């Protein structure tokens, strides 16, 4: 697998020289110090942004103006904010949004705040989806707590609680809360018994994916793809090409029926026997593919030794954060694009004269095969979200078109 390290800096970005066939350009989306929409109050903190159809959503922190904000059709707007009426009663405060992230799909928004799940569809007034006064259709009792929601095509998936017996997944669709997974139902083979721990419930076009732990504390990725619960991967199976089983999984990401996730093996299995072997996997319902793993060559030289945030998946492109030669897994942002692994940004670059300390990204950071967004913590304590655009050189564009849906490394039949 050939790798490319080629970045062109816009928006005041100092970048590595271009020697390959791909360029990456950047634009600033939002940064601390910018004014909160509708106020003269500057942002003091930000979260990583979600992206959809060229629109974006994030949480912004500001005294007296913390909330969920968005850029829709190029204009910054307020989704929910301190002082606004809460559909559940009373008013939102700064503290209401302490655990919130902005989730977006086209012009629809969802977020967790004030002990509940809220949404706005197509510019309609904010509505309460569920809170701890709402009956959970999975259990017949009230919801107890909520993990982050995900939104797609007017449907919202979210997990109640974490551990059994309250842990469950609900999908809000057509104005109705629908039971999807719960901790009392047996998990599909080869898992043992029922789930006692559940991760975030992600959704895309009706397909839900979730990280689960069975009654023996073995982990797996569960989905309702094809209409019935099934396991994508479990700790009872060997990691592809390895002599040891899957150990730990991170929450999956979904694009239509394609599911991607990061997983790692036991300690001592990483490069040179240090740390854990880790890899990014893609399952399209027919084949299960190892996209990239620890020990793979990094675009700027050296080898990948860790993976963290992401991946974000759109079409054939995966976006992820990774560490090289033992560095932090949040020290660089990379994309698997057109069959190549390319560097998007790392801590050796500067953005508008500032040096990144670390990066972060949402599982919904990509909004096209060649466009996405990422978050930066700078060494001076400021924060920002940037957008990027991957641009193949004219000759390379034709080659990439011919190579659409590339041959992934170490592909094997999973079914």
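The values are calculated or read from the model by the stated rules, or taken from the named source; none is laboratory data. Here the structure is a predicted model, which is why all the values come from computation and not from measurement. Positions of Cβ are generated from backbone atoms using ideal geometry, with glycine treated the same way; all protein chains shown enter the neighbour counts.
Among the residues of segment 74-84, just one is part of a loop (DSSP other than H, G, I, E, B) and crowded, with 18+ Cβ neighbours inside 10 Å, namely 82. Inclusion of residue 329 among residues that are closer than 30 Å to residue 210 by Cβ, in contact (Cβ under 8 Å) with a residue 12 or more places away in the chain, within 17 Å of the chain's Cα centre (by Cα) and assigned to a strand (DSSP E or B) is not warranted.
For segment 87-100, filtering for residues that are free of Cβ contacts under 8 Å to residues at least 40 places away in the same chain, crowded, with 19+ Cβ neighbours inside 10 Å and part of a loop (DSSP other than H, G, I, E, B) leaves 1.
Of all residues in segment 169-183, those that are without any contact (Cβ under 8 Å) to a residue 24 or more places away in the chain have Cβ atoms under 6 Å from Cβ atoms of residues that are surrounded by 21 or more Cβ atoms within 10 Å (Cβ to Cβ) and part of a loop (DSSP other than H, G, I, E, B), 6 or more apart or on another chain, in 183/167; 183/195.
Report, by residue number, each residue of segment 86-122 that is on the phi > 0 side of the Ramachandran plot and touching a strand residue (DSSP E or B) at 6+ places or on another chain (Cβ under 6 Å).
Going through segment 86-122, the residues on the phi > 0 side of the Ramachandran plot turn out to be 89-90, 106, 114-115, 122.
The answer is 106, 115.
Pairs are defined by a Cβ separation below 7 Å, a sequence spacing of at least 6 or placement on different chains, a first member in segment 27-53 that is at positive phi, and a second member that is in a loop (DSSP other than H, G, I, E, B); the pairs so defined are 33/43; 33/382; 53/106. Looking at 335, 384, 357, just one residue is at pLDDT 95 or above, farther than 30 Å from residue 210 by Cβ and buried (at least 20 other Cβ atoms within 10 Å of the Cβ), and that residue is 384.
Filtering segment 287-300 to residues that are touching a residue at least 60 places away in the same chain (Cβ under 8 Å) and in a loop (DSSP other than H, G, I, E, B) leaves 296, 298, 299, 300.
Across segment 39-73, the number of residues qualifying as more than 23 Å from residue 152 (Cβ to Cβ) and assigned to a loop (DSSP other than H, G, I, E, B) comes to 10. Looking only at segment 174-190, which residues are surrounded by fewer than 16 Cβ atoms within 10 Å (Cβ to Cβ) and not in a loop (DSSP other than H, G, I, E, B)? If the condition is that a residue be surrounded by fewer than 16 Cβ atoms within 10 Å (Cβ to Cβ) and not in a loop (DSSP other than H, G, I, E, B), then 176, 178, 179, 186 are the ones that fit.
Residue count for segment 123-136 under the criterion of being surrounded by fewer than 16 Cβ atoms within 10 Å (Cβ to Cβ) and either at negative phi or modelled with pLDDT of 95 or more (or both): the result is 6.
Could we say that residue 284 is within 26 Å of residue 152 (Cα to Cα) and touching a helix residue (DSSP H, G or I) at 6+ places or on another chain (Cβ under 7 Å) here? No: the conditions fail for residue 284. For segment 136-156, which residues satisfy the criterion of being assigned to a strand (DSSP E or B) and in contact (Cβ under 8 Å) with a residue 12 or more places away in the chain? If the condition is that a residue be assigned to a strand (DSSP E or B) and in contact (Cβ under 8 Å) with a residue 12 or more places away in the chain, then 146, 150, 151, 152, 155, 156 are the ones that fit. Residue selection: residue 128 fails the criterion of being under 26 Å from residue 377 (Cβ atoms) and either touching a strand residue (DSSP E or B) at 6+ places or on another chain (Cβ under 7 Å) or assigned to a strand (DSSP E or B) (or both).
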